[in-house]
Structures are given as structure tokens and as C-alpha cells.
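First the structure, in the form of C-alpha cells, and then the observations on it.
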């Protein structure tokens, strides 16, 4: 009797192993953002640019500094992110452009401690006299993108992207990619006054 039960269990065990187990693939959250619609922004500043209509709150204020400077915030409430822009006038006598460039690049390099990679993309438009650099910071860092543009004579604008969440690169990457396109649009449409 025990022998028959053992043989029956052995047959059932052998016949039940025909199929290979295939694990389920990981599911990814699908995020659909609206197609970007850009409009001109003129905030009575020494420059103008185009921004996405998704940036519903655009504010600017004059900053206290030795040179003429402004702070501009482009807030994306639906994406929980903000592009912080800082404009500084270049002092012709002191040639402070070198200091502005050093500070902008130093700010980006501070992210090397936690960043996996920081690819940098130069930008140049001789017709509009706009020269700059866009840096994409990959990894669990506070700011996923920084940039600066200048005409090398009178104007210097720097910007960075922040989210209102703990840095988790995989989670905020779709929103970061979307807003990074808007940053490039700012660089490509900026006009000095």
C-alpha cells in the first residue's frame, strides 16, 4: 500500500513538471504629458524667452546684488517641479563674466558626488548672440538639469531644475525629460534686450 502511494506521488510529480515557470515582467507606470505649447514670456526683464503653457506660475523679482540681477521661477505644479532662473548683468568694467561661468560650472560639478553621469551639451546661436551649456545630471541628485547662456558682453542667465520630492531618479525621470525639453526651448528662444 505505501509502495503504491509512493509510485502514484512520483508519477504525479513527474507529470506536473512539464511547464517552465516564466516570471511576470515588471510593470512600468505610463505617464502621458500634454504636447508642449510654447508662448512668449516678457516679464519686463533684460531678456525674453518662450515657455511651456504647463508652467502655470511664472514669477520674477529683482535680487539684491552688486550688479543688476533677477530671480525667475517657472513652476510646474502638475509635475511638482520648478525651473529656477537667475539673471545677472555683466559689469563691463570688472569683467565678472569669468566669475559667473566659474560659479555655474562649480554648481554643476558639486553633483558629481551623487551623480552617475553628467553629460554636457554646448549651445551656440551666433545670430542671436547666445552661447551656453546644458548639463543633464543623471542619478539621485537634487537638481537633474542645469544650464547657462550669455552673450559674453552684457547678459548672463543660469538655471536649474528641482522637484518637490526626494531624489529618486527612476521615479522622476519622465517628468525631468519633459521639463528638460522646456529648458532647451528657453535656450533656443532667448532674446537679449
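Every number in this text was worked out from the coordinates using simple rules, so none of it is lab data. What you are looking at is a predicted structure, and each value in this text was computed from that prediction instead of being measured. Note: ideal-geometry Cβ built from the backbone for every residue, glycine included; neighbour counts use all protein chains shown.
Could you check region 30-73 and list, in sequence order, the residues that are surrounded by 12 or more Cβ atoms within 10 Å (Cβ to Cβ), free of Cβ contacts under 8 Å to residues at least 40 places away in the same chain and in a strand (DSSP E or B)?
41, 58, 60, 63, 69, 70, 71, 72, 73
Which condition breaks for residue 33 when tested against (1) closer than 14 Å to residue 186 by Cα; (2) touching a helix residue (DSSP H, G or I) at 6+ places or on another chain (Cβ under 6 Å)?
Here residue 33 clears every test but (1).
Let me confirm something: among 174, 122, 167, which residue is more than 21 Å from residue 48 (Cβ to Cβ) and touching a residue at least 60 places away in the same chain (Cβ under 8 Å)?
174
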